[in-house]
Amino acid sequence: MKKTPFKILCILLALALIASAFSGCSGKVGNLDENVEVVEDSDDVISVNMLMEDESDTFELTDNNGNVLTLVPIYGCDGTTMIAAYIMSVKDAAGNELDQTAYPNLKAVILVDLTDEVYSLVYENDELVTVKSLADDDGYIIAMQDTMDYDEDGDKEEYFKVSTKLDSTSHLFIKLDSEDNATPINVTVEENADGTKTVTDEKGNKTTAKDTKDAKGLNEVVEEDKKQQEEDKKQQEQDETTTKPADEPTTQAPDDSGDEDDPTAGYTCIVLSKNGQVKTDATNVSVEGSVASGGTEIHIDGAGDNSKYYITSETDSFLGQIVLELHVEDDVEVKFNNVTINTQKKTAVKLVNADAVKDKESDSEESGSGLGTTGSSLNTAAPKVELSFTGTNSFTANGSGKNGTIYSECKLGIKGHGTAYIDGGANLSGICSTESITIKNSTLYITSKAKQGISCDKKVLINSGASINIESLGDGIHCNKFELDGVDADGVSADSTVTISSIYSTNCADGIDADNQIIIDGGTLTVTATSTGKYALKVRKVINGASNGYFEINGGVVTASGSLNSTPTSCGQYTVVATSRAATTISAGDYSSSSDTTAFICSPCGATSASTSSASGKVTWKGNIGTASL
């Protein structure tokens, strides 16, 4: 099976988009028939809004007859991309509840389309496109036919296994079952004499099922679950009262002494919940948008009362975006604890300088040019933001634009002893900043299939025990200045490790592309740039012969293997620069020394690192390593 999500092809009939109203359009959907029509948001037919109250797992769409459908999202294997929806209830334009006689598609599964970050209904011959789906005796959906050719294998008759879950707050979550979050699991469906179906899963387990329209409705399932939870709660309270000793008080005053081990102490807490819901007491935090409109936007306006935010999650994957809008005097810390954010928008985390003249996101030039010519001026004051990570965190943006999954117009610091996976997807850089970036302690895995791993208009400083792995199609790090240090600002020694490699074997860009300088004072730096004519380590001003260009290697373990490399202007340790030599003829045993440090810069690419030269003094050498005598 081809691991590709559900694709929508839309032939636009109107090109003009107005801020408050959209013209309808129609076209093919997936691999459906030619006359399948997508009806998008228009002035008179489709209305999209998310229910922001108790039923946070549902949303509403209005059909072309003015009926309001309350829908439960059904997600693909990734658990974040909606591919279909279950009709839980229907009201007519006057607000009257419709039963199945009045609305035959009640309890059916229908196709939905996402265009321009707005969900809409899919029609064929003026009828909603339904998807054959099966539910067990309890009303849980367990199988769905591949009407949309989700896996693009041409088989629209096959059935996929579906997982339907209710959480502790009676909220539904429905998705295609998958072992790897990418490949759906096939099930077989057999017709029984009594009209029911038998669903056999991949392990041979058999379940009797009915079409969802003939089965118990999910609204009944939710109500029964709520009622059962209320009964369980009452029983628990009764049991606790019965077993409590007579002299023990029934209530306990809150403990105001404080908890030194509480990781949230001193922080304003923000909890990410299912279906784009957010829990917080902060007065400067607002929520806009919905899952139905492409994701929730969490806006943090200004530094707030204590300028420290603790963001955690109650859901495996939050569909939305976090936006901090700050002023130049603000100094903010945002701590992420085991958070996974997926968004269809341009960024997952956006740090905005509200006092800047313009937002670089709207610029036509490529972000992170390294020249300081885009976004805010090099001399403009900017807010300070420190992102810290605890546990394992993941940030993915599936939108398009010229910025990154994490985008900053602030002086950005990244720290913490946790891990963050930052994926720019098919269109974005991993991290993009108009201001300086300092990284310490954190473990980062940064991927971009289209642009830079890290794009920064100013200085990138890495020190104090950071571990960074970058794979990108564009430059691994694109900046004005790059510095790798073995100590932090307080003089604490802790080497960092930075590994940069091309994500593809050809057509990739440079490893580190700096305009003014590269300075390496410690740590371990390994850079591989495999494409012809590209640099592993590149300093533009050194290449151009400018007097204020610097490429210094003063310590650490450096291996730079690329088609080209800038020549160091200064070496504070033994350094071998090899050119015009087939990389495959060079091995780590060619040179040795009692020194523990090594710098080995090789062109063309592909060589392994060599030890420090045995020659006395500090050596920068070019030529045939295999026959040299130093």
Over 28 Å (Cα to Cα) among Lys91/Lys227; Lys335/Lys534; Lys335/Lys459; Lys345/Lys458 -> Lys335/Lys534
For Ser89, list long-range residues whose amide hydrogen, built 1.01 Å from N in the peptide plane, is under 5 Å from its own amide hydrogen. Thr70
For a quick protection proxy, order the peptides 64-73, 438-447 by their average other-Cβ count within 10 Å, most packed first. 438-447, 64-73
Indicate the gyration tensor shape class of segment 410-455 (rounded, prolate or oblate), computed on the Cα atoms with a ≥ b ≥ c the square roots of the eigenvalues: a/c under 1.5 is rounded; otherwise a/b larger than b/c is prolate and the rest oblate. oblate
Karplus-derived 3J(HN,Hα) from phi for segment 412-418 (6.51 cos²θ - 1.76 cosθ + 1.60, θ = phi - 60°), whole Hz, x at Gly and Pro, runs 9, x, 10, 8, x, 9, x
What is the packing order of peptides 79-85, 125-131, 330-336, taking the mean over residues of other C-beta atoms within 10 Å and listing the highest first? 79-85, 330-336, 125-131
Which order do peptides 511-521, 156-166 fall in by mean Cβ count within 10 Å, highest first? 511-521, 156-166
Can you list residues from other chains, or at least 5 along the same chain, whose modelled amide H is less than 5 Å from the amide H of Ser408? Leu351, Cys432, Ser433, Thr434
Stokes-Einstein translational diffusion, segment 152-199 - Kirkwood Rh over all Cα pairs, 0.890 mPa s, 25 °C, in µm²/s: 190 µm²/s
Label-to-label distance, nm, for residues given as Ala546 and Gln100 (7 Å Cα→Cβ offset): 7.3 nm
What residues qualify as long-range amide H neighbours of Tyr309, i.e. H under 5 Å apart, gap of 5 or more or another chain, H built at 1.01 Å from N? Thr268, Glu333, Val334, Lys335
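Rule-based calculations on the coordinates, nothing more; no lab input. On a predicted model such as this, the values are computed, not experimentally measured, just so you know. No Cβ is skipped: glycine too gets one built from the backbone with ideal geometry, and neighbour counts run over all protein chains shown.
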